[in-house]
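We did not get these values from a lab; they are worked out from the coordinates using the rules stated. Bear in mind the structure is a predicted one, so any value in this text is a computation, not a measurement. In this analysis, Cβ positions are derived from the backbone assuming ideal geometry, glycine residues included, and neighbour counts consider all displayed protein chains.
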Amino acid sequence: MTSAAASTPSRARFNPRRAIRAALPAVSLALILIAIAYLNPRAMSYLGFSLMLNLAIPIALATIAQMFVIAVNDLDLSIGTFVGFVGCVTATYLNDEPALGVLILLGSIGIYALLGALIYVRDLPSIVVTLGMSFVWAGLAILVLPRPGGRAPEWLSTIMGLKPPFVPFPIVAAVVIAVVVHIGLMRTSYGAILRGAGGNPVAIRRAGWSLLKTKVVAFSLAGLFGVLSGLALIGNTTSADANIGNGYTLLSIAGVILGGGEFVGGRVSPIGAVIGALTLALAANSLLQFMHIPPDWQVAANGAILIIVLAARALLTRRESL
Amino acid sequence: MVGQATNIVRLDGVEKHFGAVRALDGVDLRVDAGECVGLVGHNGAGKSTLMHVLAGTLAPGQGRITIAGSEQPGYSVSLAHELGIRCVFQELSLCPNLTVAENARVMHPGLTGIGWRRRAGDLIVGKLDEIFPGHGIGAGDVISDLSIGRRQMVEVARAFTETDKPVKLVILDEPTSSLDAHSAGQLLAFVRRAVANGQGIILISHLLGEILGNSDRVVVMRDGKVVVADRADAFDRDKLVAAMGAEHHERATPAAAAGAARGEKPVRIRARPERQSDGAELVAHQGEVIGLAGLAGHGQTRLLLQIFEAAYRRKAGFEVQAPVAFVAGDRQSDGVFPLWSIAENVGIRSIAAMRKGLLISPEREAELADAWRQKMKIRTPDMNNPILSLSGGNQQKALFARALASDAVIILMDDPMRGVDIGTKLEVYDLIREEALKGRTFLWYTTEMDELQNCDHVYVFRNGRIVADLRSGEVTEEKVIQSSFKEVA
Amino acid sequence: MVALLNRPWIWSFVGAAVVFIGALAITGGQGAGGMVTAAFSLALFMVVVGTGQMFVITLGPGNVDLSLPANIGLASAVAMKVMDGNDVLVPLGIAAALGSGLVIGIFNYLLIWALRIPPIIATLSASFIIQSVDISYGRGLQIKPPPGFADFTNWQVPVGGVGVPVMAVVVILFSIGAAIVLQRTVYGRSVLAIGQNIRAAWLAGVRVERVRFLTYALCGLLGGLSGALLAGYFRGASVDIGNEYLLASIAVVVIGGTSVAGGKANIPGLWGAALFLVVLQIMLNSYHISAGVRLVITGLVIIGVIVAAGGPKAAR
């Protein structure tokens, strides 16, 4: 009656739970797209996608930034105000004095690296440190650009306004981001160390690796993608505002989790994170618009969509053993 | 002088103090190429600290470390790795979120560049094939999907993998604690092959038979010192136990009480495993010690957890008639509250009973803690010390105290003696017997044959099912092993 | 003394004292009494909200209640509407605010437990929904609190020239009660056990889900209470009356020495941290500096305190 399958599994083990989990972000994205297509068939066009997804690119980049931090068991509560700060620098210094602008942006990535080092060396809770940093970035953003305005550099608007044949630019960009980060984090040999530092830091240190370095690398990458997010955002909107990125902190965390990531244990998925970000961006903007939700209840609908999508993910994967 | 060259490692007068505790108090040790050194001693004797010193994860306070004839003043993890010294720690040091191949890569800084994943996979699976033929582990498997036994196999195999540097010495700390008898046999056979190839091995185990059967030399530690070191054939079990300094106990005659026919006392537990297709079920009566046997990871722990759940909430197929308490085997993940004192750790199961009015009474809490310190012989000057100040065996005693001090009538034990020294074990066996005579019921999952001898009745598990149901007189190693491998129709 | 310095929360009091002296240095010692009164009057709200947040955070990694600001906003509106400017209805209004908070706390727990959503996201999503409810319920709400209630929340008893806010005394008593709950009750011990190791807590017989339910409900309840009190103190409800408590509630908990990793909580630290943050705000306001610089300094000071309080990695 019993086969030998239970005691001698095949070499390449197929884990159905893992497979379902991996497919979930894509399924939720598909459902949102179907809903939009049903409500407004015209949105399913080259132009429709360009418009709907343009703002998804900065969100996807911020989500990737958050993902690197989550991969080493930390959380970045400052990424939203950081993106706002980068936006303000981009619309002012980067446009007026490009060299200085580049220097400021590189410096801000350096600050991220320092934060990583500080958090590791002093064994600090990242939530509090980045909470403090969220004030700092917000303050700096106001100092750089006291009132909304500024101007995106010409080249940036050009890039964000590209119109490649057949496939809308945001989709191309999303695929490129997902693939590049996937290869970098999931396929390179140092990527394994980085994720291992989230999974079992003691083991990584015992094997002779520097945990300080893994933290610094993860936070620098978060800073880099935060900068890219701010650039992409300003490329779209063409002008800035100190509060422009405030919603990104929570969107980025939700995107990582929606994409199959977990807060601890180094379990993250770059492809999932990008899909999660796209899903959230579509749900929060386009879907609600097409559903004609009254303005008072727009925020609530946003919350409801988050709950539904995450509950689906949780319910489908809840069959954890004791 | 000629022997000097074959020394892989030599320690002279190594000391390590943690505050006032002398974990190592002047240890001399040498390991030669082509030699397996068995290292034994009670919990807290200093074995683990010594291991950490050898692995480079702890710097000694005093003394010299000499590797392959040259002294190493600035010894460190990376230097140990460079010199071919590897360590398999008792707590698993794999990254659960990474694959088997990626975990192999963590060990080898040189595994980079195009195709590193394939090379890492070949390396580790090759070694697994060599040590544990038929292991059933794939290079792409994520560690958290593997059973604890398979994880330990990966851990052991990884320590023997070589890329640029040859492996000279491997330290194995309780390497068979999570392995079933079959895999443990494979590992010990491999240890002998490795030794024959000129590698050195330090084998730490509480299973004295394992030490006597596989070591060339045996080193006994006590109170941070090496007390005896001699050829393995100079020892037998009793001599070894005497050298370790345990009080000599008469083996408790199994279950004098069990002479009475089963079923006279009231039934406390009925439980049918989910995958049981025939009518077999586990039954436990008042005052019985019931053993759950079989290979590791064949549904014993799962059944214990389900019984635990059923005690709080009605559950189909389960009948639990009295309050339960659980004694964890995996202290880190299932048992200890690391920020708390010993007293708080012991008391948590009984906080509701220690109330005076609405508030927990500090006096009752202290009374309970002290009573159980004496009863369990927990070695600490003050029960208000942090739980982590205790050695592993004493932490385990605190977990026993937590369960026994409670109002629970049924005690579920999930292989609780993993890595516990023999002196502690004998003390706990007596206590279990004593409590059973008072009417408590014990369910005892264990992987060690010796412990099954203490049970009134033993159920053998395979693939989540009960495959044999043995009375105390019938429990023999042969029978258990036979049933463990039996294919059920 | 050494034992005192080893307690992490002492740093929050030291920080508060340093900032206080710094603020006095600007004014040349003028208005010290007024500053103390103002500091306590504002800090007490942070302590009430922070106590709820502290119990939640102590449940272990990932547990946090981000719905507090929305909760406070809605409760302030509910309280004002039910009280309807009438002193007789004050108890009813407070009960209604508590009820609103309790419902929110229970809703949060249901999202976390029944739908298995991580608390950060569950409470965040809940806060979106609460915000909408508040916007639609409290639209154009211009009701003033009943005069008796407003006076009570602002009531100061002069003691030796310094006005002692009565509410602060009440909240200090409340804190003592919370400390006893934490250390000496089955509930408090259970929270601490769950925070250290949830699985071990379950196996040690702790009723994990019941305790988590009580904790989120308690946090919601305290949010509702602060909503009502804030509306009385500031003489009116508003949607964003609780906004600053999102970050402030987490900041006071952590600066106060509670472990973000769970299992270790600290009540006195809440007061130190709350006074520290409030005095810092008062000082920066008295400097008359720009909003940007103020934000930067606030952020850097929070980080500075955490760096000073946190130790380097243990050597093992």
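Here are some notes:
- Simple spin-label estimate for B:Tyr312 and B:Lys356 gives 2.9 nm between the two label positions (7 Å along the Cα-to-Cβ direction from each Cα).
- Fewest-first ranking of B:Glu71, B:Glu91, B:Glu478, using other Cβ atoms within 10 Å as the exposure measure: B:Glu478, B:Glu71, B:Glu91
- √(5λ) per eigenvalue of the Cα gyration tensor, segment A:42-121, largest first, Å: 28, 21, 8
- Distance distribution P(r), the protein assembly as shown, all Cα-Cα pairs, bin width 10 angstrom from 0: 2, 9, 16, 21, 20, 16, 10, 5, 1, 0, 0 percent.
- Over the residues of chain B, the helix contribution to mean residue ellipticity at 222 nm works out to -9500 deg cm²/dmol, using -39500 (n - 2.57) for each DSSP H run of at least 4.
- Karplus 3J(HN,Hα) series, Hz, for segment B:406-412 with 6.51 cos²θ - 1.76 cosθ + 1.60 (x for Gly, Pro): 7, 7, 5, 9, 10, 10, 9
- Exposed trypsin sites (Lys or Arg not before Pro) absent - longest run of chain A, DSSP non-H/G/I/E/B, at most 14 other C-beta within 10 Å: A:12-317
- Inverse of mean 1/r across different Cα pairs in chain A, Kirkwood, Å: 20.6 Å
- Over all pairs of different C-alpha atoms, segment A:94-135 has a mean inverse distance whose reciprocal, the Kirkwood radius, equals 11.5 Å.
- This ranking places C:Ser259, B:Ser277 by how few other beta-carbon atoms lie within 10 Å of each, fewest first, which gives B:Ser277, C:Ser259.
- Among A:Ile32, A:Asn73, A:Val299 the positive-end extreme of the charge dipole of segment A:22-316 (Cβ point charges): A:Asn73
- Computed on segment A:228-322, the Cα convex hull volume stands at 134 Å³ per residue.
- Separation between Cα centres of segment B:160-186 and segment B:118-152, rounded to whole Å: 13 Å
- For chain B, the membrane-span-like helix rule (DSSP H, alpha carbon extent of at least 20 Å along the helix axis, mean Kyte-Doolittle at least -0.5) picks out B:116-131, B:181-196, B:422-437; this says nothing about an actual membrane.
- Beta-bridge orientation, the protein assembly as shown: approximately 55 percent antiparallel, per DSSP, counting only bridges with both partners inside.
- As a proxy for reagent exposure, ranking A:Ile32, B:Ile124 by other Cβ atoms within 10 Å from fewest up yields A:Ile32, B:Ile124.
- Compared with the direct C-alpha span, the chain from B:Glu162 to B:Ile148 gains 2.7 nm at full extension, assuming 0.36 nm per residue.
- Using θ = phi - 60° in the Karplus curve 6.51 cos²θ - 1.76 cosθ + 1.60, the 3J(HN,Hα) couplings for segment A:193-199 round to 5, 4, 5, x, 5, x, x Hz; x is entered for Gly and Pro.
- Cut-off of 10 Å, at most 16 other beta carbons, DSSP loop: longest stretch of chain B lacking such trypsin sites (Lys or Arg not before Pro): B:1-250
- Simple point charges give the picture: +1 on the Cβ of Lys and Arg, -1 on the Cβ of Asp and Glu, and for segment C:55-205 a dipole about the Cα centre of about 440 debye.
- Axial C-alpha extent at least 30 Å, average Kyte-Doolittle at least -1.0 - helices from chain C (DSSP): C:32-58, C:90-114, C:208-233, C:267-287
- Two-decimal log10 I(q)/I(0) for chain B, as the Debye equation yields it once each C-alpha is a single scatterer, q = 0.08, 0.10, 0.12 Å⁻¹: -0.53, -0.83, -1.16
- Along the axis of the charge dipole computed for segment B:180-245 (Cβ charges of +1 for Lys and Arg, -1 for Asp and Glu, origin at the Cα centre), the listed residues B:Ala181, B:Ala242, B:Val218 are led at the positive end by B:Val218.
- Sequentially through segment A:208-220, phi angles give Karplus couplings (6.51, -1.76, 1.60; θ = phi - 60°) of x, 8, 8, 6, 4, 5, 4, 5, 4, 4, 4, 5, 4 Hz, Gly and Pro residues having no value and appearing as x.
- Mean Cα-pair separation over length for segment A:89-195, i.e. relative contact order, pairs under 8 Å, 6 or more apart, %: 28 percent
- Chain B - charge dipole about Cα centre, Lys and Arg +1 at Cβ, Asp and Glu -1, debye rounded to 20: 760 debye
- Long pairs among B:Lys397/B:Lys438; B:Lys265/B:Lys438; B:Lys375/C:Lys264, criterion Cα-Cα beyond 22 Å: B:Lys375/C:Lys264
- Inter-part distance where segment A:96-142 and segment A:156-210 are each reduced to a Cα centre, Å: 21 Å
- Cα convex hull of chain C - mean projected area over all directions, nm²: 18.2 nm²
- Span from the segment C:27-86 Cα centroid across to the segment C:224-257 one, whole angstrom: 3 Å
- Projecting label points 7 angstrom from Cα along Cα→Cβ for A:Ala26 and A:Ser50 puts them 2.8 nm apart.
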